[in-house]
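A.B. asks: Got a structure here, written out as structure tokens. Questions coming.
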Amino acid sequence: ETGVTQSPTHLIKTRGQQVTLRCSSQSGHNTVSWYQQALGQGPQFIFQYYREEENGRGNFPPRFSGLQFPNYSSELNVNALELDDSALYLCASSSRGMGETQYFGPGTRLLVL
Amino acid sequence: AQSVTQLDSHVSVSEGTPVLLRCNYSSSYSPSLFWYVQHPNKGLQLLLKYTSAATLVKGINGFEAEFKKSETSFHLTKPSAHMSDAAEYFCVVSVSNSGYALNFGKGTSLLVTP
């Protein structure tokens, strides 16, 4: 069974640029959630995708957007990057439902200069 | 809204002594609660979860947690700490109104000394 994978592992961008992060979900999972973890903080929920539609969203502006594909993989897009967007971005896959375990990928570390 | 509060930002124990990481939750109904661990430069790993079955939950690596509704607590314990337990620990609640997203506590950094 393949776990959750994310690419790239590290990324450096400059303020105002756009970035796309990718996530492949674990086999058998139909739900992907994205989290932002700033240095020294707990992860913060960005949004969740279920069957290719956004299924819930945290307190993040519209310049954070995403996609889910028919194979349940997902992308996180961030436009107009700001310095505060520098963080570890974590993807988690799961089956949908209360109490379902979310399995996390290793993350993409984004640095915005 | 469902939330968790981790009562200690840092905990230091000696190797071989018990570990106690404290977490209180807030929820209007029976919550789903988790403990995750994050080792330096590693992803998040599930230690254990509570989903309204047995109140004493056993997890990996000798960790366990007890759900106490009367105290709204879900503390994580281990009888004997090992050096490899040094990591960041997160208490987490599942939030029903956001597609069952996870709401993380601020984390407790566990230091294990020889």
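The values are calculated or read from the model by the stated rules, or taken from the named source; none is laboratory data. Because the structure is predicted, anything quoted here is derived from the model rather than measured. Positions of Cβ are generated from backbone atoms using ideal geometry, with glycine treated the same way; all protein chains shown enter the neighbour counts.
A.B. asks: Within segment A:52-69, can you find the residues that are surrounded by 18 or more Cβ atoms within 10 Å (Cβ to Cβ) and either of a type in the set (Asp, Glu) or under 19 Å from A:SER25 (Cα atoms) (or both)?
C.D. replies: Scanning segment A:52-69 gives A:ASN55, A:GLY56, A:GLY66, A:GLN68.
A.B. asks: Within segment A:80-113, track down each residue that is surrounded by 19 or more Cβ atoms within 10 Å (Cβ to Cβ) and among the acidic types (Asp, Glu).
C.D. replies: A:ASP85
A.B. asks: Check segment A:47-59 and report whether any residue there is hydroxyl-bearing (Ser, Thr, Tyr), more than 11 Å from the chain's Cα centre (by Cα) and more than 12 Å from chain B (Cβ to nearest Cβ).
C.D. replies: no
A.B. asks: Name the residues in segment A:50-63 that are touching a residue at least 24 places away in the same chain (Cβ under 8 Å) and more than 10 Å from A:VAL32 (Cα to Cα), would you?
C.D. replies: A:PHE60
A.B. asks: I'm trying to understand the selection: among the residues of segment A:42-58, which are over 16 Å from A:VAL78 (Cβ atoms) and assigned to a strand (DSSP E or B)?
C.D. replies: A:GLN48, A:TYR50, A:GLU53, A:ASN55, A:GLY56
A.B. asks: Further question on the same structure: I'd like the full set of residues that are on the phi > 0 side of the Ramachandran plot, surrounded by 16 or more Cβ atoms within 10 Å (Cβ to Cβ) and either touching a helix residue (DSSP H, G or I) at 6+ places or on another chain (Cβ under 6 Å) or away from chain A (no Cβ under 14 Å) (or both), limited to segment B:62-114.
C.D. replies: none
A.B. asks: Okay, next question. Assess whether A:ASN77 counts as being of a type in the set (S, T, N, Q), surrounded by 18 or more Cβ atoms within 10 Å (Cβ to Cβ) and assigned to a strand (DSSP E or B).
C.D. replies: It is false that A:ASN77 is of a type in the set (S, T, N, Q), surrounded by 18 or more Cβ atoms within 10 Å (Cβ to Cβ) and assigned to a strand (DSSP E or B).
A.B. asks: Would you confirm whether or not segment A:67-79 contains a residue that is within 14 Å of chain B (Cβ to nearest Cβ) and more than 19 Å from B:GLY43 (Cβ to Cβ)?
C.D. replies: Scanning segment A:67-79 turns up at least one residue that is within 14 Å of chain B (Cβ to nearest Cβ) and more than 19 Å from B:GLY43 (Cβ to Cβ).
A.B. asks: Of all the residues that make up segment A:21-51, how many are exposed (fewer than 13 other Cβ atoms within 10 Å of the Cβ) and farther than 30 Å from B:THR5 by Cβ?
C.D. replies: Residues flagged as exposed (fewer than 13 other Cβ atoms within 10 Å of the Cβ) and farther than 30 Å from B:THR5 by Cβ within segment A:21-51 amount to 3.
A.B. asks: To continue, here is another question. Please give the number of the condition B:VAL13 fails out of (1) among the aliphatic types (A, V, I, L, M); (2) at pLDDT 95 or above; (3) under 13 Å from the mean Cα position of the chain (by Cα).
C.D. replies: For B:VAL13, the failing item is (3).
A.B. asks: Select from segment B:37-50 the residues that are facing chain A (nearest Cβ under 8 Å) and in contact with a Leu (Cβ under 8 Å, 6 or more places away or on another chain) and write down the one among them that is nearest to A:GLN6 (Cα to Cα). Show your work before the answer.
C.D. replies: So in segment B:37-50, the residues facing chain A (nearest Cβ under 8 Å) come out as B:42-46, B:49.
Right, trim to in contact with a Leu (Cβ under 8 Å, 6 or more places away or on another chain) and you get B:43-44, B:49.
Values: B:GLY43: 11, B:LEU44: 13, B:LYS49: 24 Å.
Once the filter is applied, the top-ranked residue is B:GLY43.
A.B. asks: Among the residues of segment A:34-52, which ones are modelled with pLDDT of 95 or more and among the polar types (S, T, N, Q)?
C.D. replies: Selection gives A:GLN36, A:GLN37, A:GLN44.
A.B. asks: State all residues of segment A:91-113 that are within 12 Å of another protein chain (Cβ to nearest Cβ), of a type outside the set (Gly, Ala, Ser) and touching a residue at least 60 places away in the same chain (Cβ under 8 Å); if no residue qualifies, say none.
C.D. replies: Residues satisfying the conditions are A:CYS91, A:ARG96, A:GLU100, A:GLN102, A:TYR103, A:PHE104, A:PRO106, A:THR108, A:ARG109.
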